[in-house]
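Worksheet: one structure, shown below.
The values are calculated or read from the model by the stated rules, or taken from the named source; none is laboratory data. All values derive from a computational prediction rather than experimental measurement. Glycine gets a Cβ as well: all are built from the backbone with ideal geometry, and neighbour counts include every protein chain shown. Remember, those area values only see protein heavy atoms, side chains included, never the ligands or the DNA or RNA. Shrake-Rupley method; radii C 1.70, N 1.55, O 1.52, S 1.80 Å.
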Amino acid sequence: MRPPLDQAAEVREEERIDLSRLEAFLRAALADAAGEVRLLQFPRGHSNLTYLLTVGAREVVLRRAPFGVKVKSAHDMKREYDMLSALEGVYARAPRPIAFCDDESLIGARFYLMERVRGVILRGDEPPEGVAFSPELMRKTSTALVDNLADLHAVPLLGRLSSIGHPQGYVARQVEGWTRRYANAKTDAIAGVEAAAGWLARNLPAESGATVIHNDYKYDNVMLDPGDLTRIVAVLDWEMATVGDPLMDLGTFLGYWADRDDPPELRGRAYGPTYLPGSLSRIQIAERYAEKTGRAVGSILFYYVFALFKIAVIVQQIYRRYVEGHTRDPRFASLIDWVRVMAQQSERALAKGRIDRLGA
């Protein structure tokens, strides 16, 4: 039995789109499609909204910023569309972009359309129907994720990719920018977040180069072949992608990765089956990445702590939207606890000076 493909569901009431206002744009963008226009929503994720549009038998995906968002730079649909356009033909696992719309009057925000890719997304530690998470499968799939990140970082910066981002000084700008975002989104006093920001500012490493970086790379942004869960067919959610320091991207990947000996509150928020028997550990991921790319990863503690800090800030921003009433999504009510978990993990990493054996 093949595992079920990632599926869309009914649109959440507060995130509905008026199809009558969208139809003319769709007919022009999808001139080869005919038939009734229907709308569903991919219900997972906490950031940009993702919808499934069907026009007759044609399926496309629509991406737009969340309702009520204030941090426009973090939800720039044109930036995301441009990145996918630049990757077309040079990185096969990026979905093909179709059309961009900057007319906010249609659905209340700028948006773009891209092809729908079908596959399996692993979330949490429960296997999908028809799958057994054997140690062999977990080893091969986790290794495939690392190798794919190395492949992305090997994409040549030619053509449109050569003009994306500002890689010089990238690491320092990221630390400064996310520290500022945290100050703007803060609702509760969480000492560990501010301690991490201070440590990062005092311990900036030398830059390791410039590559395409995804900046949100994790299990639930990777789509797998239903016939072979060790084969990646697509990487999704390119909203934070740019050209920058590849070790920052590796750090983000590690920030989303829970090890078997991590505290239960961290494993309980794992972004996929990262800590099951057979899976690579964080330190094994760093070692595999170094082997595949030839890059030294001696400053990995910095990149891991930065990742935990950045995740905490992202979650804090979403929680702030909930507190201010811009969303009523019940999933967001307890997100402040997630911020605390990330802060506590960074405190453990800094106290022990390492990225592994943090639950011991």
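A few comments on the model shown:
- Qualifying position, being among the polar types (S, T, N, Q), touching a Lys or Arg at 6+ places or on another chain (Cβ under 7 Å) and touching a residue at least 12 places away in the same chain (Cβ under 8 Å), among THR187, THR141, THR179: THR187
- Scope the range 6-33; condition open to solvent by less than 50 Å² (accessible area, probe 1.4 Å), touching a residue at least 60 places away in the same chain (Cβ under 8 Å) and farther than 13 Å from VAL60 by Cβ; matching residues: ASP6, ILE17
- Helices (runs of 4 or more DSSP H) contained entirely in the range 272-360, each with at least 2 residues that are on the phi < 0 side of the Ramachandran plot, without any contact (Cβ under 8 Å) to a residue 12 or more places away in the chain and open to solvent by 20 Å² or more (accessible area, probe 1.4 Å): 282-293, 335-352
- In the range 1-54, the qualifying residues are those that are part of a strand (DSSP E or B) and of a type in the set (S, T, N, Q), and the one that is modelled with the lowest pLDDT is THR54.
- Number of positions in the range 79-103 that are part of a helix (DSSP H, G or I) and open to solvent by less than 70 Å² (accessible area, probe 1.4 Å): 8
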